[in-house]
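Notes follow the structure.
The values are calculated or read from the model by the stated rules, or taken from the named source; none is laboratory data. Because the structure is predicted, anything quoted here is derived from the model rather than measured. Ideal geometry is used to build each Cβ from the backbone, glycine not excepted, and the neighbour counts take in all protein chains shown.
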Amino acid sequence: MLYPTPGLTAADQQVLGGIEEMRQRLRYQVQANPAKWTYGLRKFLTADAVAASNSIEGFRVSTEDVQDLMDGERDVDVSEENREETLAYQRMMTYVQTLHDVADFTYTKGLLNALHWMLQGHRHTRNKPAGQWRRGPVYVTSPRNPRLAAYTAPDAAAVPGLMGELVDWLNTDDGSHPLIRAAMGHLNLVSIHPWADGNGRMSRSLQTLLIAREGVLAPEFSSIEAWLGNGGNTWDYYGELQRRGPVYRPDQDVSSWIRFSLVAYHQQAQTVQARADQSAAVWDLLDSYTRNAGLDERMVSALHDVAMAGRVRRARYQSAEGLTLQQAQRDLRDLTAAGLLEPVGRTRARYYTEGPRFPERVLEMARTPMTLTAPYGDGLG
């Protein structure tokens, strides 16, 4: 038995309508009117989701370092364990993103186990097999006391049947809104806890896949993992899951989970919209600045990365603009000589931050903090 999808209250419907409005606006902004800055935004959002979801599990790598690892940079100052976890999750998420428009797509046990292998294959052992259902009990320990079991998952013998039920549900349209189905997919998978490890990230990734398959927004804009991994939201996430009780009990009302998920969707949509608006405004300011300064217009992308992400590396700039190694090196050297960039580090590990003559107006625009509203108007979220 799975958790039944609860009905929505009038307040839930109103919040869901607001989410839909923001997502449609964002779709128009990034799809109907594509611009160069959207490429960088897509990469940032993917890196932010990877960094946040991994941080929930204790693997802490900054969004900027995740971006560098995604770009193939080797000289990134992170531990080998964090590097492996980041790259494994990024590879799995990249595959999830490619599935958003597959015409003959279907959910299967094999697909879920294959995704789990991508995530956990580097940790595969006899006791903790990757890409296979767990063979024994699994416990979720309390985040406040690792010696206490906050949740005991269903018996291993029940996992194949429960996962079969979940796959059947995933392939059947029950009439619920796609965002609600995505939230319920997350809750059901994390509650079944079918693998020995990696269940949290798999459940959040399944939610991302369900939203991406909806087709309203590109997958990079669909994840709420960054919101879930953000400070106090993580504790609220733990708390909401713990409200389900210490054992698997699907015969209960999970309306509070839906409410929590709608807050996450709403505030993540606000965050992405604000980031998109900032990116567009910063690009326009830099485009005007480079024209007036007599700089090549392609340099805007390097300056934009510095303004929005805090730094740029030669390889990222070279790839974004389709340049040769010599062209990219020359451009960055010229921007440094002009005082717009400041090199940090040596040779392969070098990256660039803003220099003393980087336009202050651009930095002010890029670094103005956003304000999030509580969608239910009651302080939730």
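Just for segment 185-228: of the residues that are in contact (Cβ under 8 Å) with a residue 60 or more places away in the chain and among the β-branched types (V, I, T), which one is nearest to A150 (Cα to Cα)?
For segment 185-228, the residue satisfying everything is T208.
Would it be correct to say that Y248 is assigned by TED's automatic domain parsing to the domain that holds N54 and modelled with pLDDT of 95 or more?
yes
Restricting the search to segment 30-55, which residues are hydrophobic (A, V, I, L, M, F, W, C) and surrounded by fewer than 20 Cβ atoms within 10 Å (Cβ to Cβ)?
Residues satisfying the conditions are A32, A35.
Checking the condition at pLDDT below 95, out of contact with any Gly (no Cβ under 9 Å at 6 or more places or on another chain) and surrounded by 15 or more Cβ atoms within 10 Å (Cβ to Cβ), which residue from R311, R348 passes?
R311
Consider H122 carefully, then state whether it is in the same structural domain as L206 (by TED's automatic domain parsing) and crowded, with 16+ Cβ neighbours inside 10 Å.
no
If the Cβ limit is 6 Å and pairs must be 6+ apart or interchain, which residue in segment 85-108 that is assigned by TED's automatic domain parsing to the domain that holds D65 pairs with which residue that is of a type in the set (G, A, S) and not in a loop (DSSP other than H, G, I, E, B)?
Once the first residue is assigned by TED's automatic domain parsing to the domain that holds D65 and sits in segment 85-108, its partners that are of a type in the set (G, A, S) and not in a loop (DSSP other than H, G, I, E, B) give V96/S205; H100/A212.
Using the structure shown, decide if S203 is under 25 Å from T106 (Cα atoms), at pLDDT below 90 and hydroxyl-bearing (S, T, Y).
No, not satisfied.
I need a count of the residues in segment 141-180 that are in contact (Cβ under 8 Å) with a residue 60 or more places away in the chain and among the hydrophobic types (A, V, I, L, M, F, W, C).
10
Being β-branched (V, I, T) and in contact with a Leu (Cβ under 9 Å, 6 or more places away or on another chain) is the filter here; which residues of segment 124-142 pass it?
Residues satisfying the conditions are V140, T141.
Can you name every residue in segment 22-31 that is among the polar types (S, T, N, Q) and modelled with pLDDT of 85 or more?
The answer is Q24, and nothing else.
Name the residue that is nearest to Y351 (Cα to Cα), counting only residues in segment 314-337 that are in contact (Cβ under 8 Å) with a residue 40 or more places away in the chain and surrounded by fewer than 21 Cβ atoms within 10 Å (Cβ to Cβ).
Filtering first and then ranking leaves A315.
Restricted to segment 176-197, and to residues that are in a loop (DSSP other than H, G, I, E, B) and surrounded by fewer than 22 Cβ atoms within 10 Å (Cβ to Cβ), which residue is farthest from the chain's Cα centre (by Cα)?
S176
Counting only residues that are among the hydroxyl-bearing types (S, T, Y) and buried (at least 20 other Cβ atoms within 10 Å of the Cβ), which one in segment 216-236 is modelled with the highest pLDDT?
Here the residue is S223.
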